[in-house]
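The values are calculated or read from the model by the stated rules, or taken from the named source; none is laboratory data. Not measured: the values here are computed from a predicted model. For neighbour counting, all protein chains shown are included, and Cβ atoms are generated from backbone atoms with ideal geometry for every residue, glycine included. Areas reflect the complete protein model, heavy atoms only, side chains present, ligands, DNA and RNA absent. Shrake-Rupley method; radii C 1.70, N 1.55, O 1.52, S 1.80 Å.
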Amino acid sequence: MDTISIIVGFLAGIIVGGAIIFIVVNWITTRKRDQIINNAEAQAETIMKDKMVKAKERFLQLKEEHENFIGDRNRKAQSTEDRLKHKEVQLSQQIESSKRKENEVDAIRENLNTQLGVIDKKKKELDKLHQKQVEELERISTYSADDAKKELVEALRNEAKTSAMSMIKDITDEAKLTANSEARKIVVKSIQRVATEQAIENSVSVFNIESDEIKGRIIGREGRNIRALEAATGVEIIVDDTPEAIILSCFDPVRREIARLALHQLVSDGRIHPARIEEVVKKTEKNIGDEIVEIGKRTTIDLGIHGLHPELIRMVGRMKYRSSYGQNLLQHSREVANLCATMASELGLNAKLAKRAGLLHDIGKVPDDEPELPHALLGMKLAEKYGEKPDICNAIGAHHDEIEMTTLISPIIQVCDAISGARPGARREVVESYIKRLKDLESLAYEYPGVMKSYAIQAGRELRVLVESEKVSDEESENLSFEIARRIQEEMTYPGQVKVTVIRETRSVNLAK
């Protein structure tokens, strides 16, 4: 019983203690909550006061800025108004000054009108007096003024005509006496100052070799090397008993030079076979093209000629490998240019213009294509195309009388061209006709489709035609050979007979990668 009482009492104590603890904790929590709320309200009130203070300060700042802006605007408006008032005062003063000047001008105008009236009155009086004098003179002399004037003019005209005829006769007689002498002097001086050596072009070149053993390597097995070289260059290669020499025969100096340089490189390198021959020939052709441009530039620099179109410079360079009746065309053109400059300076004309026209007078002989035009007209068209002056174009076109001469340098070009060509031994007429016949022979073959290259060799006794295997079959090549031979027989004049050889080659090329 005592134990139960103890337990009950213990439990009752626990309950009472728990209740007391709960009450105490609740009271403490309530006090803390109230304290937190009071602190939060105090902080909120402090923040609100700070914001209000800042807002008032910002308001005052904006108000001050607005007042300053209004003040500046009012000051600017006042300044503008002051300037306008000042300008208005100045404008009023200018208007008053203009009115005063206008009044002065009106006064001057009235004064001038008065004076003009007086002058007109005096002029009329003078006219009346002059008319009276003329009438009195006509009455006395029985001649009218117009008749007297006509008679005086006619007498003066007859006198002037007589004097002019006498003067013209004297000048003409003097010119006849001195013209031939002066012309001879100018021509002789020009020739003496520009005397040059003459170089006759040949149609063969001699290629020297160190020993005759190299001839066999150049010919190759069954002649394949020499055939490949002839096909690539269009030059006939003559290997005979001449010791340590091979003859290169071709009417075209460019092709002959390409063959000579290619053969020199092949012999120096030692590798001579058809593939290597084609490679070397293509490389040599490119080098010759570059050399032609360099020759043209060097020629223009030597002669002091500037501003030529690059294409005209290239044509000047090509002149080195062309001939005119056996005379080297570049040397001939340089000589004509110097002669023209000398003669033009003796006559008091533009020497630079004459020298330029003299250098370009034969460019119609070296075009890329061969149109059916005289070389003088073709040269004139090329000069016009590349921006040369009309005086130069006319001189080029008229130096063989294809067109009318319209400038003073045109007859100079014609005369100097004749002087250069007329030197003893300068030209061979047969060479030009020979070269023209071979060119016509090659051009005839190019008219047929599929023809890749055409070469006249053996002085025109053989025509070799290389065709594209993709466009021309074997049967067609036979027909082509027959057709070309028939046209040569019908259309051309030639000594002996011409052998037409059509070559068709098929190649298969693949790459191993």
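So here's what we get for this one:
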{"item": "Estimated vicinal HN-Hα couplings, Hz - the range 436-453 in sequence order (Karplus 6.51, -1.76, 1.60; Gly, Pro = x)", "result": "5, 5, 5, 5, 4, 5, 5, 5, 4, 5, 5, 6, 8, x, x, 7, 8, 9"}
{"item": "Carbon + sulfur, % of accessible area of the range 1-62 - ligands and nucleic acids excluded, 1.4 Å", "result": "71"}
{"item": "Solvent-accessible surface ranking, highest first, for M52, M380 at 1.4 angstrom", "result": "M52, M380"}
{"item": "E462 long-range amide H proximity, modeled H, under 5 Å", "result": "I457, K499"}
{"item": "Hz values of 3J(HN,Hα) by residue in the range 263-278 - Karplus curve (6.51, -1.76, 1.60), Gly and Pro given as x", "result": "5, 4, 5, 5, 5, 5, 6, x, 8, 10, 8, x, 5, 5, 4, 4"}
{"item": "Karplus-derived HN-Hα couplings along the range 303-314 (A = 6.51, B = -1.76, C = 1.60, θ = phi - 60°), whole Hz, x at Gly and Pro", "result": "8, x, 9, 10, x, 6, 5, x, 5, 5, 4, 5"}
{"item": "Listed peptides 333-342, 389-398, 9-18 by packing density, highest first (mean Cβ within 10 Å)", "result": "333-342, 389-398, 9-18"}
{"item": "Members of K355/K389; K385/K436; K297/K439 lying beyond 20 Å, as alpha-carbon distances in this model show", "result": "K385/K436; K297/K439"}
{"item": "Cross-link pairs beyond the 29 Å C-alpha cut-off, checked among K320/K499; K282/K381; K124/K149; K286/K352", "result": "K320/K499; K282/K381; K286/K352"}
{"item": "Solvent-accessible area per residue for the range 238-319 (1.4 angstrom probe, square angstrom)", "result": "47"}
{"item": "Carbon plus sulfur fraction of accessible area for the range 265-314, probe 1.4 Å, in percent", "result": "51"}
{"item": "Amide H contacts of V502 (H built 1.01 Å from N, under 5 Å, at least 5 apart or other chain)", "result": "V465"}
{"item": "Cα centroid separation - the range 224-286 against the range 6-44, whole Å", "result": "126"}
